[in-house]
Amino acid sequence: MPIHEKHLIEKQKIIQKDSAELEGRDVSGQWNIFIQQRILSQYHPSMADEIASTPDGRTINRCWQCGTCTSGCCMHTDFGLREFNPRYFIYLAKIGDEEELKKYKDVIWRCLACNKCVERCPKDVRVEEVIHAIDGYMRKKGWMDDTPASRWDDEYVGNVLKTGILDEIMLLRNYIRDEEMKEFNAGYMMRMGMNMLKTGRLRTGPIRHRTKGWKKVRKVAEEILEKDGYELQ
Amino acid sequence: MICLASPRILVIGGGPAGLSASIDLFEAGADVVLVEKEDVLGGTPKKLHYSLIAPDLKPVEEVLDPLIRQVESSAVTKKLGTVVSAIENGNGHVNVTFTSNGGKEEAVFDAVILATGFTHWDPHKKYEYGYGVYPDVIDFKDFEKMLSDDNLARPSNGKMPARIGWLLCVGSRDRQVGKFYCCRVGCAVSIKQAMEVKKKHPEIDTYIYYMDIRTYGFWEDQLYWKAMEDLNVKFIRGRIGAISKGDEGSLVAMAEDTILQRPSEVPFDMLVLTTGMEASQGTVEMAKLLGLEMEEHGFVRPLEADSLPVHTTVENVFVAGTATGPKAIPDAITEGSAAAIKAFNYVRRSRGKKATGRSMKKDARAYAE
Ligand code: SF4
Ligand code: SF4
Ligand code: SF4
């Protein structure tokens, strides 16, 4: 029997056999397509517990699924990436649906950290942080590799830790060298860089500025980062 | 020795709770003074011209005017256009100073009932909804007035709207604006408003954006189901994040349709913000003058929220209506009566027991048991 609305079914759920036999009779051509069931058959609360125990994930249990974050999310609406739905990610993490969450491993890291969601969420969920925490959880479990976003994070933290002041030029240079730019909208990033240069928000010149007494502060910063579960490179 | 003089009781606030307290006190034989800062009785529902009142969808006049008439025709002393400007409370006597256009006046009471009510939350504070910027974004109370005036029209051009939307929980259940509680009546009243629209103008499309629908008790079938099943009011599960301008003077409600898992940016002719309740300025000021404790949401703290809801932390002060939190009109009326009997009996008992010096708080508790 043909499946009329095949596009509504996830491809991996469709099993097609070349031939099929039922009680000794050849039924292929009629009954050779099977659809795997989609019933949710278990909750896994440990996922949310683990995420909630991280500094970024601590507000996850506040979420009541209103969708305010998604309705204004830049990635979801302006960039039109419909699969990027922070409300839905939080829901999946809360019920612990590993299988469904894994489908978004190429998507979930794309948060722009614009924080519009954080500004609007009526429950004061730190949405941007929570998404980051879910992303981190997925990487820790090995469900996804390092992402351009996580490499950016590492680059950024490493950069700041060096002198206590962000060196944007170095940051961009290292990042471009890692050929991550192509994952982003390169033209957009270049334009932004130029604008930052023009308005003086990008430091240039050979002198690397340094925070006074940084050595001591750095130790404390590293201790805090480590305590918060951040793995220093 | 029981003193035979009538208990002298002051009721502050002439809304549903204050009216019902005054009537019952008067009928019980108390000497009642009702003070109201406005020039008319009826409180916020009358002042802001509410339309029909849930659940029976009776006009506000039919609900409140009988109470107002009873007070007006009784020997309750009515002080309209008058505020309480000073209070001294000690030895079971409350010395009250009234201020009005006519000047100052003083009087002594045995007990006070506070019925100073609530105000609607100011939606200007939720700037992403553009209240005060887009004329067709109106709030709950603006829409009530529109309905009661039978003047349903878009403020921007005076034309009949073809599609109206409601945003529930504006200024309620929202950490961003520091309001953590539910307004209790917003869902019911919004649905009721949509029903009023649909009954008169079935051709207007009505959509209610919700996170939860809280039409507890009989409001469930009397309002929610009826609106959905008989009047074709539509419910969309998602909270609107922002309102922006659309084509041809329309407004776009930007939400996530959480069932579709998709952004929804649908045009509307009018959007109604279902604003929450907060303690009125009068409630806050009077509570301060009376030395009452406030609870964490900014309302008056009842002595025991569960068992002594109309007692306050001051033994000869009682409270009724929305001064202690969001409430529907029938509940406020009930509490007015409850506070009346508690205040009346308190005065009688305290006169009888003055000599024993028993703690009135203990007494109130014993009485409640
Ligand atoms: S806005 Fe906040 S509460 Fe609403 S779905 Fe997003 S994270 Fe959850
Ligand atoms: S911070 Fe991320 S999740 Fe939040 S609105 Fe921006 S892009 Fe979306
Ligand atoms: S009664 Fe309804 S509109 Fe009011 S705060 Fe509660 S859920 Fe929101």
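The values are calculated or read from the model by the stated rules, or taken from the named source; none is laboratory data. Predicted model only: the values in this text are computed from it and were never measured. Ideal geometry is used to build each Cβ from the backbone, glycine not excepted, and the neighbour counts take in all protein chains shown. These area figures cover heavy atoms from the full protein model, side chains too; ligands, DNA and RNA do not enter into them. Shrake-Rupley method; radii C 1.70, N 1.55, O 1.52, S 1.80 Å.
Things worth noting here:
- Of all DSSP bridge pairs formed entirely within chain B, close to 50 percent run antiparallel.
- Beta bridges from DSSP with both residues in the stretch B:122-275: antiparallel share about 40 percent, rounded to the nearest 5.
- Qualifying GluC sites (Glu not before Pro) in the stretch A:1-63, where qualification requires a DSSP coil assignment and no more than 16 other C-beta atoms within 10 Å, comprise A:GLU5, A:GLU10, A:GLU23.
- A straight chain from A:SER53 to A:SER150 at 0.36 nm per residue would run longer than the Cα-Cα distance by 33.0 nm.
- Using C-alpha pairs below 8 Å separated by at least 6 residues, the relative contact order for the stretch A:1-137 is 24 percent.
- Neighbours of B:GLY291 by Cβ distance under 14 Å: Lys/Arg scored +1, Asp/Glu scored -1, total -2.
- For the stretch B:148-246, the list of GluC sites (Glu not before Pro) that fall in a loop by DSSP and count at most 13 other C-beta atoms within 10 angstrom reads B:GLU203.
- Counting only residues at least eight positions apart within a chain, or on another chain, the aspartates and glutamates with an alpha carbon under 14 Å from that of B:LYS125 are A:GLU119, B:ASP139, B:ASP174, B:GLU278.
- Compared with its chain on its own, the stretch A:67-112 contains the following residues whose accessible area drops by 50 Å² or more in the full protein assembly (probe 1.4 Å; ligands, DNA and RNA excluded): A:SER71, A:ARG82, A:ARG87.
- Contact residues in the stretch B:170-190 (at least 40 Å² less accessible area with all protein chains than alone, 1.4 Å probe): B:ARG173, B:ARG175, B:GLN176.
- Positions from the stretch B:238-258 whose accessible area shrinks by 30 Å² or more when the full protein complex is built, not the chain alone, probe 1.4 Å: B:ARG239, B:GLY241, B:GLU256, B:THR258
- Backbone HN-Hα couplings from phi across the stretch A:162-176 [Karplus 6.51/-1.76/1.60, Hz, Gly and Pro as x]: 4, 10, x, 10, 5, 10, 4, 4, 4, 4, 5, 4, 4, 6, 5
- For the stretch A:74-233, averaging the sequence separation of C-alpha pairs within contact (under 8 Å, six or more residues apart) and dividing by the residue count gives a relative contact order of 16 percent.
- Using alpha-carbon coordinates, inclination of helix A:127-140 to the longest axis of chain A, degrees: 70
- Distance from the alpha carbon centroid of the stretch B:91-131 to that of the stretch A:1-71 works out to 58 angstrom.
- Anisotropy class of the stretch A:46-140 from Cα gyration tensor, a/c 1.5 cut: oblate
- Calculated [θ] (222 nm, deg cm²/dmol) that DSSP helices of n ≥ 4 give over chain B, each run adding -39,500 (n - 2.57): -8500 deg cm²/dmol
- For chain A, the mean residue ellipticity at 222 nm estimated from helices alone is -12500 deg cm²/dmol, where every DSSP H run of n ≥ 4 contributes -39500 (n - 2.57) and the total is divided by all residues, rounded to the nearest 500.
- Whole-Hz couplings from phi, Karplus 6.51/-1.76/1.60, listed for the stretch A:95-111; x for Gly and Pro: 8, x, 8, 4, 4, 5, 4, 4, 5, 9, 5, 8, 10, 4, 7, 7, 3
- Accessible area expressed per residue, the stretch B:35-125, with surrounding protein chains retained (probe 1.4 Å, Å²): 49
- Length-normalised contact order of the stretch B:1-107 in % [C-alpha pairs under 8 Å, at least 6 apart]: 24
- Once the C-beta distance of B:GLU38 and A:CYS114 is scaled by a Förster radius of 51 Å, the resulting FRET efficiency is 0.60 to the nearest 0.05.
- Chains B and A together bury roughly 1800 Å² of accessible area, counting both sides, with a 1.4 Å probe on protein heavy atoms only.
- DSSP beta bridges in the protein assembly as shown [antiparallel fraction, %, rounded to 5]: 55
- Cysteines not pairable in chain A (beta carbon separation under 4.7 Å absent): A:CYS63, A:CYS66, A:CYS73, A:CYS74, A:CYS111, A:CYS114, A:CYS121
- Averaging the Cα positions of each part gives two centres, and for the stretch B:4-81 and the stretch B:279-358 these lie 17 Å apart.
- Cα-Cα over 25 Å, subset of B:LYS179/B:LYS226; A:LYS116/B:LYS179; B:LYS47/B:LYS79; A:LYS102/B:LYS126: B:LYS179/B:LYS226; A:LYS102/B:LYS126
- When B:HIS311, B:HIS124, B:HIS93, A:HIS7 are compared by accessible surface with a 1.4 Å probe, the order from highest to lowest is A:HIS7, B:HIS124, B:HIS93, B:HIS311.
- The stretch between A:ASN61 and A:LYS6 holds 16.2 nm of extra length on full extension. This uses 0.36 nm per residue minus the Cα-Cα distance.
- Cβ-derived FRET efficiency at R0 60 Å, A:VAL220 paired with B:HIS93, nearest 0.05: 0.45
- Net charge contributed by nearby residues that have their C-beta within less than 11 Å of B:ILE138 (K/R +1, D/E -1): -1
- Close amide H contacts of B:PHE118 (hydrogens built in the peptide plane, cut-off under 5 Å, sequence separation of 5 or more or a different chain): B:SER280.
- The simple spin-label model puts a point 7 Å past each Cα toward its Cβ; for B:ILE259 and A:LEU197 those points are separated by 5.3 nm.
- Residues in the stretch B:183-188 carry Karplus couplings, in order, of 7, 6, 10, x, 4, 4 Hz; the curve used is 6.51 cos²θ - 1.76 cosθ + 1.60 with θ = phi - 60°, and Gly or Pro positions show x.
- Under 5 Å from the amide H of B:ASP257 lie the amide H atoms of B:ARG262, B:SER264, each residue being 5 or more positions distant or on a separate chain, with H modelled from the backbone and absent for Pro and chain starts.
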